[in-house]
Amino acid sequence: MNVIQTALPGVLILEPKVFGDSRGFFLESYNARVFSEATGIDPVFVQDNHSRSTRGVLRGLHFQIKRMQGKLVRVAHGRVFDVAVDVRRDSSHFGRWVGVELSDDMPYRMFWIPPGFAHAFLVLSESADFLYKATDYYAPEHERCILWNDPDIGIEWPLEGIGDPLLSEKDRAGLLLKDAEACY
């Protein structure tokens, strides 16, 4: 497995080995031993999620203040811009973000977002199937949402040709990071 460090310590881009020929490809999308040996991290995943969204949908920035979730994400179909934001108040990287494009052109590329980070993605293709594994269960009473365009974070969303993103009510009501509860 190829592990690529990002500008935020602990947030990783992962590329497992892919075996391909004229028939297509095969890969292990997750192998606990390989993941641990490559990253030094031993997550216990308790939930798998699959979402399908259309072009211009932006989901996030979501995180849980208790029962924090680490997420291993990838795109099975389509193309997204995926973002992690450090929301740990005691972190020297608090409020910083990193983004990566995930797509079915590289269906083996994954993004590891550790607990203590907010997560969001913007769909760039006509539709996208987004898959992710979580290290804790969804707990709506602990979920928080930061406004996707918080100027203090300054995420550079690739909105050209998309215009205003399509948001849920929850995401429209997101708070600025400075006003939100954060992880400790």
I'd like to compare 43-56, 23-36, 146-159: which one has the highest average count of other Cβ atoms within 10 Å, and what's the full order after that? 146-159, 43-56, 23-36
State, to one decimal in nm, how far the label point of W157 lies from the label point of A76, with both points 7 Å from Cα in the Cβ direction. 2.6 nm
Using a Förster distance of 30 angstrom, determine the FRET efficiency expected from the C-beta separation of D21 and S127, and round it to 0.05. 0.60
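Helix-only mean residue ellipticity at 222 nm, the chain, DSSP H runs n ≥ 4 weighted -39,500 (n - 2.57), per residue, nearest 500. What is it?
Working: 2 runs with 12 residues, N = 184.
The helix-only estimate for the chain comes to -1500 deg cm²/dmol at 222 nm.
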For region 52-92, the Debye formula with one identical point scatterer on each Cα and no solvent gives log10 I(q)/I(0) at q = 0.21, 0.26 Å⁻¹ as -0.86, -1.12
With a point put 7 Å past each Cα toward its Cβ, work out how far S168 is from M1 in nm, to one decimal. 2.8 nm
Would you work out which of V57, V46, V85 lies farthest towards the positive end of the dipole of region 38-91? Charges go on Cβ: Lys and Arg +1, Asp and Glu -1. V57
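About its Cα centre, what dipole magnitude does region 36-151 give when the only charges are +1 on Lys and Arg Cβ and -1 on Asp and Glu Cβ, stated in debye to the nearest 20?
Values: 14 positive and 15 negative charges, 47 e Å.
I would put it at about 220 debye.
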With θ set to phi - 60°, apply the Karplus curve 6.51 cos²θ - 1.76 cosθ + 1.60 along region 133-138 and write out the HN-Hα couplings as whole Hz, x wherever there is a Gly or Pro. 9, 10, 8, 8, 6, 4
Compactness summary of the chain: radius of gyration and Dmax from Cα atoms, Å, are 16.0, 53
Would you work out which of P140, I162, L177 lies farthest towards the positive end of the dipole of region 116-184, given +1 charges on the beta-carbon of Lys and Arg and -1 on that of Asp and Glu, about the Cα centre? P140
Quick one: what are the phi-derived ³J(HN,Hα) couplings along region 157-174, Karplus 6.51/-1.76/1.60 with θ = phi - 60°, whole Hz, x for glycine and proline? 6, x, 8, 4, x, 9, x, 5, x, 8, 10, 6, 4, 4, 6, 5, 8, x
Do you know the relative contact order of the chain, to the nearest whole percent, from alpha carbon pairs under 8 angstrom that are 6+ apart? 29 percent
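Values in this text are rule-based calculations from the coordinates and carry no lab data. Quick caveat: nothing in here was measured; it's all calculated off a predicted structure. FYI the Cβ positions are ideal-geometry reconstructions off the backbone, even for glycines, and counts take in every protein chain you see.
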